[in-house]
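The values are calculated or read from the model by the stated rules, or taken from the named source; none is laboratory data. What you see is a predicted model; the values in this text were computed from it and never measured. Every residue, glycine among them, receives a Cβ derived from its backbone with ideal geometry; neighbour counts consider all protein chains shown. What goes into the accessible areas is simple: the full protein's heavy atoms, side chains included, and nothing from ligands, DNA or RNA. Shrake-Rupley method; radii C 1.70, N 1.55, O 1.52, S 1.80 Å.
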Amino acid sequence: MNKSEEKRPITVEDHKEVARKHAERKVSAVNDALQFPTGDAFEEELNAILNSDVEASGEIVAIALIDCDKFDHINKDFGIGEGDRVLIEAGKYIRDNLPEGAKVYRIGGDEFAILFRGIMEREEIFLYLNDLKNHYAVQTPDGQRKTITVGMATAFEDASRCVELIRKA
């Protein structure tokens with residue numbers, strides 16, 4: 001065996017690369033099932049809206065960020081397949097309860113975003129999100145009911161730049 005064929009020790013970088021590829025497959029499997037636009041599309045669309053003349057029109061533009069609470073234990077306790085199932089159910093729940101005209105995105109990991117543009121008033125969006133949170137009923141295999149955390153921000157009232165709006169939400 002020559003030197004080029006010798007096995008080299010596995011490095012920290014090798015482990016990081018394996019973890020990165022695993023994370024990409026996981027995100028891809030859930031995205032394939034849900035067919036939601038991703039976080040990049042969310043930021044691009046939000047930036048386009050914020051840079052348009054929508055503020056002058058008085059049209060309501062709001063975002064909601066949704067996080068699946070204590071999600072990391074699902075993968076640890078029940079496996080990645082079960083974690084994917086919970087994320088897919090969460091996404092379907094959000095999609096199936098989405099007001100007409102709102103758009104949902106998978107922004108990464110166990111997080112989703114909703115973009116509201118000109119379809120509801122701020123208070124209506126707040127009440128909708130409260131109902132969405134309170135009626136969330138996705139469960140783990142042992143019957144534990146999961147919860148979600150929801151944050152909301154309104155363009156031009158809470159912030160006028162994408163990064164600030166996301167931070168506020």
Please give the number of the condition D14 fails out of (1) closer than 30 Å to R85 by Cα; (2) modelled with pLDDT of 70 or more; (3) surrounded by fewer than 16 Cβ atoms within 10 Å (Cβ to Cβ).
(2)
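Which residues, counting only those in region 53-64, are at pLDDT below 90 and open to solvent by 30 Å² or more (accessible area, probe 1.4 Å)?
D53, E55, A56, S57, G58, E59
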Residues satisfying the stated conditions in region 65-95, i.e. open to solvent by 30 Å² or more (accessible area, probe 1.4 Å), touching a strand residue (DSSP E or B) at 6+ places or on another chain (Cβ under 8 Å) and either part of a helix (DSSP H, G or I) or at pLDDT below 90 (or both):
R95
All but one of (1) modelled with pLDDT of 90 or more; (2) under 16 Å from G83 (Cα atoms); (3) not hydrophobic (A, V, I, L, M, F, W, C) hold for E123; which doesn't?
(2)
For S28, state whether it is modelled with pLDDT under 75 and not acidic (D, E).
yes
Taking region 119-131 and keeping residues assigned to a helix (DSSP H, G or I), touching a residue at least 60 places away in the same chain (Cβ under 8 Å) and open to solvent by less than 60 Å² (accessible area, probe 1.4 Å) leaves I125, L129
Give R167, R161 a once-over and let me know the one that is more than 15 Å from the chain's Cα centre (by Cα), over 18 Å from L34 (Cα atoms) and either open to solvent by 60 Å² or more (accessible area, probe 1.4 Å) or at pLDDT below 95 (or both).
R161
Among the listed residues T149, T140, which satisfies the condition of being in contact with a helix residue (DSSP H, G or I) (Cβ under 9 Å, 6 or more places away or on another chain) and modelled with pLDDT of 95 or more?
T149
Every residue from region 132-147 that is assigned to a helix (DSSP H, G or I) and surrounded by fewer than 12 Cβ atoms within 10 Å (Cβ to Cβ)
N134
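Residue-by-condition table, conditions (1) on the phi > 0 side of the Ramachandran plot; (2) of a type outside the set (D, E, K, R):
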residue: A64; (1), (2): no, yes
residue: C68; (1), (2): no, yes
residue: F71; (1), (2): no, yes
residue: G79; (1), (2): yes, yes
residue: E121; (1), (2): no, no
residue: Y128; (1), (2): no, yes
State which residue is least open to solvent (accessible area, probe 1.4 Å) when the search covers only region 99-118 and only residues that are out of contact with any Leu (no Cβ under 8 Å at 6 or more places or on another chain) and either modelled with pLDDT of 95 or more or more than 22 Å from D32 (Cβ to Cβ) (or both).
F116
Can you tell me how many residues within region 94-108 are without any contact (Cβ under 8 Å) to a residue 40 or more places away in the chain and not acidic (D, E)?
6
Cβ pairs under 7 Å, 6+ apart or interchain, first in region 78-91 and closer than 17 Å to G143 by Cβ and without any contact (Cβ under 8 Å) to a residue 60 or more places away in the chain, second assigned to a helix (DSSP H, G or I) and open to solvent by less than 30 Å² (accessible area, probe 1.4 Å), ordered by first then second residue, are E82/I74; G83/I74
Quick check on my filter: what residues within region 42-62 are assigned to a loop (DSSP other than H, G, I, E, B) and at negative phi?
N51, S52, D53, E59, I60
